[in-house]
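Written out below as structure tokens is the structure these notes cover.
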Amino acid sequence: MRLAGLLLGLPLLAFQVLSAPASDDPCAKIAGKSYALPRDVQACYKSFPFNETIRQNVLAVVSSVFDFYTFENFYLDLPSPFHGSTADIRTAIDRINKTEYSNDYHFMKDVYDFTLRMNDGHTRFLTSCYTAYQNIIPAPIISLWDPKKKEHGVYIAPNSDELVALLGTTYTGYYDSIGFDWKRLAGAQVLAIEGADPYDYIDRVADWQVGNYLDHNIRVNSVFTSYRIAAGSWSQRVGDFAGPVDISTADLTFKLLFANTTEPEDVTIPYYANLIGIAFKDKESYWKNNCAADQSTNGVDLKITFRNESTRREPRRPIASTVDHGRMNAIALPDPYLPTAPPVTGTTEVIKSYILPNNKTGVMFISSFGGDYYNFQLGVAASMYSFQQAGVDNVLIDVSNNGGGYVCLGHFLHAFLAGLGDRGYAGFESTNRANPLAQKIVKNAINLELDSSWLYFAANNWAFPNNTRMYPWYDYMDPATNITVNGKEDQTSQRLHDVCQWSYILEIPSKPAFDLSKVAIVSNGLCSSTCALFSTAMSEQHKVKVAVFGGKPNSEMEYRAMAGNQVLEWPDLDTEIKTTNLKKDPLAGPDL
């Protein structure tokens with residue numbers, strides 16, 4: 001566990017946007033439409049002038065958040081095979097502060113790209129202003145094995161015609177209007193993209209557009225289309241190739257080999273951008289609805305917000321999750337590809353459990369460790385009971401596209417499967433970065449008698465390595481521990497781990513429900529944060545088999561799961577600062 005700063009979906013400072021005649025307003029041209037051409041979206045984005053006040057404000061917040069980032073000095077020289085993500089964070093911020101920009105979009109995209117290419121999904125700068133559209137091409141791609149040729153190849157997803165049709169006639173009608181046969185693409189083999197070998201082009205996308213994962217092979221899998229659960233239902237993720245939020249690409253040229261043909265064809269496929277932000281009428285309302293700061297942009301002083309509250313609030317439970325552009329529209333998984341087995345008792349919004357027809361294998365698909373904290377626990381217990389009642393011998397846990405969630409729910413699933421009973425914490429111990437402001441937050445929390453119902457930083461959110469819970473008034477950052485990383489001096493808190501077992505509503509079994517040698521974890525590698533902690537602990541502590549599918553063939557594939565950082569979005573971190581009376585401290589970032 002490590003606390004890391006996370007900037008997510010930040011609306012910006014408000015500044016005056018001068019109205020323009022509709023004929024001169026590029027945003028008015030695309031207003032009221034759910035789809036638009038990428039070049040028209042770019043024209044709207046680039047119509048907002050660069051503003052020095054906004055730059056200084058944004059960089060002040062970014063800089064202050066990175067003070068809390070545990071891995072800052074590690075990034076100065078990352079070890080192989082992650083060296084490509086090496087970054088000098090302060091030098092990058094200084095460069096952005098000195099660069100001349102022609103418009104606000106270019107400035108914001110520079111900050112976005114800088115944090116994206118660190119490839120840590122816990123630490124991203126996403127402005128809602130310029131991620132209001134998702135660029136979609138009717139050609140989601142996938143790597144498949146051809147049993148006849150006995151080789152892997154890149155293909156346009158065989159179900160792309162069914163999937164794209166679910167986007168609706170507003171989307172498909174555009175392609176029909178220009179005489180482009182999008183249905184014909186389904187199942188075509190991709191021989192080249194923009195003149196490059198398809199796997200080489202996918203590598204470029206993985207290096208420059210995906211982010212989120214230090215491991216390159218996992219980023220490759222994020223390029224491909226895949227199944228997932230969104231809003232409680234099965235859906236299909238089009239992938240970072242077919243559905244990026246970067247709208248700078250208007251079209252791509254493919255060399256395709258269609259089914260039952262022997263001669264490849266060059267086909268140029270245009271993108272069409274989907275509005276996933278808030279509707280608008282013109283440039284002024286676009287900025288107001290999608291860019292300007294609102295009441296959720298910054299944190300609050302909880303002592304003021306809840307000063308009249310008489311009941312005790314739930315603890316502020318640590319979360320470890322990554323960013324996957326949550327506003328992107330989920331496309332329903334086409335009917336022919338839905339599970340045919342009926343779900344068993346235990347199915348929840350984030351857990352789908354099934355028993356395969358032979359009644360020997362139970363399958364739990366866990367899309368997230370988020371959602372309702374208590375329903376997750378009930379879902380796990382009910383699924384395990386259903387499997388036992390059916391006489392299941394084998395359990396397969398699918399965590400594909402699981403971006404993490406509550407740290408303690410990962411530990412709950414681990415403890416429940418492994419039958420740890422009351423033997424305590426099921427994960428790993430670690431530290432928090434003890435920067436000077438973090439040390440002040442802990443001290444002020446103690447002086448103000450604020451416990452974990454108020455603050456993530458409160459000591460009773462943590463336990464000592466011997467599993468003794470810290471008292472709320474214990475200062476776990478005093479004394480701090482001095483460390484040297486890549487020649488830089490730094491400080492961390494004392495060793496600690498999460499407090500979990502006191503938050504469970506169910507008793508953890510004292511022995512495994514199933515032989516752990518018959519339990520396996522499977523995913524497409526997109527298993528991060530809490531998911532990675534769960535999978536790693538099950539593998540290292542209980543030798544549970546873990547299998548990852550997909551990726552680039554013949555590349556000595558090895559997947560290295562993401563470390564489980566605990567993260568605070570800017571409003572949460574700002575709330576910690578304000579609630580401990582530190583907003584006027586020189587080390588605290590300003591409001592956005």
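The values are calculated or read from the model by the stated rules, or taken from the named source; none is laboratory data. Because the structure is a prediction, the values reported are computed rather than measured. Positions of Cβ are generated from backbone atoms using ideal geometry, with glycine treated the same way; all protein chains shown enter the neighbour counts. Surface areas here come from the heavy atoms of the whole protein model, side chains and all, with no ligands, DNA or RNA. Shrake-Rupley method; radii C 1.70, N 1.55, O 1.52, S 1.80 Å.
Assorted remarks:
- Of all residues in the range 146-170, those that are over 15 Å from ALA332 (Cα atoms), surrounded by 15 or more Cβ atoms within 10 Å (Cβ to Cβ) and of a type in the set (Ser, Thr, Tyr) total 1.
- Any hit, the range 323-344, residues being touching a helix residue (DSSP H, G or I) at 6+ places or on another chain (Cβ under 6 Å), outside any loop (DSSP other than H, G, I, E, B), of a type outside the set (D, E, K, R) and farther than 30 Å from PHE125 by Cβ: no
- Applying the criterion of being surrounded by 18 or more Cβ atoms within 10 Å (Cβ to Cβ) and hydroxyl-bearing (Ser, Thr, Tyr) to the residues of the range 59-81, the residue that is farthest from ASP104 (Cα to Cα) is THR70.
- Condition met for ASN467 (without any contact (Cβ under 8 Å) to a residue 60 or more places away in the chain and touching a Phe, Trp or Tyr at 6+ places or on another chain (Cβ under 7 Å)): yes
- Test: THR347 is β-branched (Val, Ile, Thr) and either open to solvent by 60 Å² or more (accessible area, probe 1.4 Å) or within 17 Å of SER529 (Cα to Cα) (or both): no
- Count of the range 214-230 residues, restricted to those that are part of a loop (DSSP other than H, G, I, E, B) and closer than 18 Å to PRO79 by Cα, is 2.
- Test: TYR199 is under 21 Å from ALA332 (Cβ atoms) and aromatic (Phe, Trp, Tyr): no
- When we screen ILE247, ILE229, ILE304, ILE276 for residues that are open to solvent by less than 60 Å² (accessible area, probe 1.4 Å) and farther than 28 Å from ASP110 by Cβ, the only hit is ILE229.
- Residues that are touching a Gly at 6+ places or on another chain (Cβ under 9 Å) and either crowded, with 24+ Cβ neighbours inside 10 Å or part of a helix (DSSP H, G or I) (or both), drawn from the range 396-405: GLY403, GLY404, GLY405
- A search for C-beta distances below 8 Å between a residue of the range 505-521 that is charged (D, E, K, R) and any residue that is surrounded by 10 or more Cβ atoms within 10 Å (Cβ to Cβ), counting only pairs 6+ apart in sequence or on different chains, returns LYS511/GLY419; LYS511/GLY421; ASP515/ASP393; LYS518/ASP393; LYS518/ASN394; LYS518/VAL395.
- Scanning the range 38-58 for residues being touching a helix residue (DSSP H, G or I) at 6+ places or on another chain (Cβ under 8 Å), more than 20 Å from GLU100 (Cα to Cα) and surrounded by fewer than 19 Cβ atoms within 10 Å (Cβ to Cβ) gives a total of 1.
Here's the yes/no breakdown for (1) surrounded by fewer than 22 Cβ atoms within 10 Å (Cβ to Cβ); (2) within 15 Å of GLY277 (Cβ to Cβ):
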site: ASP110; (1), (2): yes, no
site: HIS122; (1), (2): no, no
site: LEU126; (1), (2): no, yes
site: ASN135; (1), (2): yes, yes
site: PRO138; (1), (2): no, no
site: ILE141; (1), (2): no, no
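- Being at pLDDT 90 or above, touching a Phe, Trp or Tyr at 6+ places or on another chain (Cβ under 7 Å) and closer than 19 Å to VAL407 by Cα is a condition met by at least one residue of the range 470-483.
- Residue count, the range 414-442 (criterion: open to solvent by 10 Å² or more (accessible area, probe 1.4 Å), assigned to a loop (DSSP other than H, G, I, E, B) and at pLDDT 95 or above): 1
- Total residues in the range 257-273 satisfying the condition of being touching a helix residue (DSSP H, G or I) at 6+ places or on another chain (Cβ under 7 Å) and in a strand (DSSP E or B): the figure is 2.
- Among residues of the range 355-391, those that are outside any helix (DSSP H, G or I) and buried (at least 23 other Cβ atoms within 10 Å of the Cβ), counted: 7
- Against the conditions (1) modelled with pLDDT under 95; (2) part of a loop (DSSP other than H, G, I, E, B), HIS152 satisfies every one except (2).
- Close Cβ contacts (under 6 Å, 6 or more residues apart or on different chains) running from residues in the range 291-307 that are over 23 Å from TYR133 (Cα atoms) and outside any loop (DSSP other than H, G, I, E, B) to residues that are open to solvent by 20 Å² or more (accessible area, probe 1.4 Å) and among the hydrophobic types (A, V, I, L, M, F, W, C) comprise LEU302/TRP454.
- Entirely in the range 452-532, the strands (runs of 3 or more DSSP E) that have 1 or more residues that are in contact with a Leu (Cβ under 7 Å, 6 or more places away or on another chain), open to solvent by less than 40 Å² (accessible area, probe 1.4 Å) and under 19 Å from GLY410 (Cα atoms): 519-523
- Exactly one residue out of GLY168, GLY243 is out of contact with any Ser or Thr (no Cβ under 8 Å at 6 or more places or on another chain), among the small types (Gly, Ala, Ser), closer than 27 Å to VAL41 by Cα and in contact (Cβ under 8 Å) with a residue 60 or more places away in the chain: that is GLY243.
- Residues that are modelled with pLDDT of 95 or more and either among the charged types (D, E, K, R) or within 17 Å of ASP197 (Cα to Cα) (or both), drawn from the range 122-142: ALA139, PRO140, ILE141, ILE142
- Residue in the range 200-215 that is in contact with a strand residue (DSSP E or B) (Cβ under 7 Å, 6 or more places away or on another chain) and either open to solvent by 10 Å² or more (accessible area, probe 1.4 Å) or under 28 Å from THR340 (Cβ atoms) (or both) present: yes
- Candidate set: the range 90-108, residues that are within 28 Å of ASP77 (Cβ to Cβ) and open to solvent by 30 Å² or more (accessible area, probe 1.4 Å); chosen: the one nearest to the chain's Cα centre (by Cα): ARG90
- The test for being surrounded by fewer than 17 Cβ atoms within 10 Å (Cβ to Cβ) and touching a helix residue (DSSP H, G or I) at 6+ places or on another chain (Cβ under 8 Å) holds for ALA196.
- Condition met for ALA445 (farther than 10 Å from ASP498 by Cα, open to solvent by less than 40 Å² (accessible area, probe 1.4 Å) and not acidic (Asp, Glu)): yes
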